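Novice: Handing you this structure, nothing more for now.
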Amino acid sequence: MAVGLARQEGDLATLGSAWRRARTALVRHPINLYALQPLGELAAAAARLREREWATPHLKEAQRLLGRAGHPGAVGDTVVLGTSCTPPSSPSSRRKHTQRGITEI
């Protein structure tokens, strides 16, 4: 979280300090679905600090993880509790999207 705040504020000194702590954690922890959002923030920080090589292997592992999951959230898809469906084509669609899936109206 400190990395994201420092990056968004443009505070390079704090970002560098937070990044050094975060990259140690990055190396120690496996990539899973819960780590994807923080990984994105860490990758942005790594790019800002010109240290992409630290994040690249973890980003590749995240891509493999998403590939095994069928690339949920890909452009044009709506992800509903782990399933992918096509969004309605128009507001007059007779389907209602809910958290439990798609139901007919």
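Since every read-out is calculated from the coordinates, none of them should be taken as a lab result. Since the structure is predicted, the reported quantities are computational estimates derived from the model, not experimental observations. Virtual Cβ from ideal backbone geometry, glycine too; neighbours counted across all protein chains shown.
Novice: Cβ-Cβ below 9 Å, separation at least six or inter-chain, first residue in segment 34-58 and in contact (Cβ under 8 Å) with a residue 40 or more places away in the chain, second among the acidic types (Asp, Glu): which pairs?
Specialist: Matching pairs, first to second residue: Ala45/Glu51.
Novice: Now for a separate question. Which residues, taken from segment 1-54, are more than 23 Å from Gly73 (Cα to Cα) and part of a loop (DSSP other than H, G, I, E, B)?
Specialist: Selection gives Met1, Gly10, Asp11, His29, Leu49, Arg50, Glu51.
Novice: Scanning segment 59-73 for residues that are within 12 Å of the chain's Cα centre (by Cα) and in a helix (DSSP H, G or I), which turns out nearest to Gln8 (Cα to Cα)?
Specialist: Only one residue fits best here, namely Leu59.
Novice: If you scan segment 3-34, which residues turn out to be surrounded by 14 or more Cβ atoms within 10 Å (Cβ to Cβ) and either out of contact with any His (no Cβ under 7 Å at 6 or more places or on another chain) or hydroxyl-bearing (Ser, Thr, Tyr) (or both)?
Specialist: Val3, Gly4, Ala6, Arg7, Thr14, Leu15, Gly16, Ser17, Ala18, Trp19, Ala22, Arg23 - these are the residues of segment 3-34 that are surrounded by 14 or more Cβ atoms within 10 Å (Cβ to Cβ) and either out of contact with any His (no Cβ under 7 Å at 6 or more places or on another chain) or hydroxyl-bearing (Ser, Thr, Tyr) (or both).
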